[in-house]
Amino acid sequence: MRHPAKYSDSILEEMRDLLKDVTGTVLDPFAGTGKIHLLQREDLYTVGIEIEPEWATLHPQTVVGNALHLPFADASFDAIVTSPTYGNRMADHHNAKDGSRRNTYKHAMGRDLHPNNSGQMQWGDKYREFHQEAWAEANRVLKPGGIFILNISNHIRKGVEVDVTDWHVRTLSGHFFLEDVRTPSTPRLRHGANSSVRVSHESVVRFRKSMSGVRSPNHPDPTDSSEG
């Protein structure tokens, strides 16, 4: 079963390094085909949530579920490691019949996506509202003092770079404290209208939840929906 946006080796390497001081249980609420499980160690157990059954069934430690309504009690996980959709053209969901190459979530799945799959959301208000809910739910299931690691990337829209990364970092900073930012170069797709101006890197960002579970009053308002 194909997936258009799996973790690259360089992203997994950064995640491993950022998790080296973490033990216990780690969750990926957007698990896809389950590459989160490559991070499992003897002292670190991985759990995946994936809304599309075809992808969830590819690994026994991934279960079908919704990132907006996680089936776990408060403070269940020592870490969360995840990569949301980027709001880019992978969210296109037209029916391609012209024989050209497509690399979208819908075309990888071969059918319409679940209504709550963010893989069909272009960058905009709906995308931001969805991820505000997802990050609040992630905060709920993360233990005080727990680690949150985000893999995200900007994209090019009509020749202009959209600062998706900054929006996610500012939103998550409403819940957690920022600890580290990595920007590994990764292979990018070279197809489509913006193929010659792809962003050259992705970001891997580590946050920590306070021991009290209360965010700093100096952090920005996570409901801010400005585009950066």
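Every number in this text was worked out from the coordinates using simple rules, so none of it is lab data. As the structure is a computational prediction, the values presented were derived from the model and not from experiment. Reconstructed Cβ throughout: ideal geometry from the backbone, glycine too, with neighbour counts over all protein chains shown.
Proximity of backbone amide H atoms, modeled 1.01 Å from N, is registered between Gly146 and Lys209 at under 5 Å, excluding neighbours fewer than 5 places apart on the same chain. Between Asp9 and Asp180, the FRET efficiency estimated from the beta carbon spacing at R0 = 22 angstrom works out to 0.70.
Given R0 = 25 Å, the distance between the Cβ atoms of Asp17 and Gln61 translates into a calculated FRET efficiency of 0.70.
Three principal axis extents describe the C-alpha atoms of region 1-83; from largest down they are 32, 31, 20 Å. Take each peptide in 29-37, 44-52, 172-180, 135-143, count the other Cβ atoms within 10 Å of every residue, and average; sorted highest first, the result is 29-37, 44-52, 135-143, 172-180.
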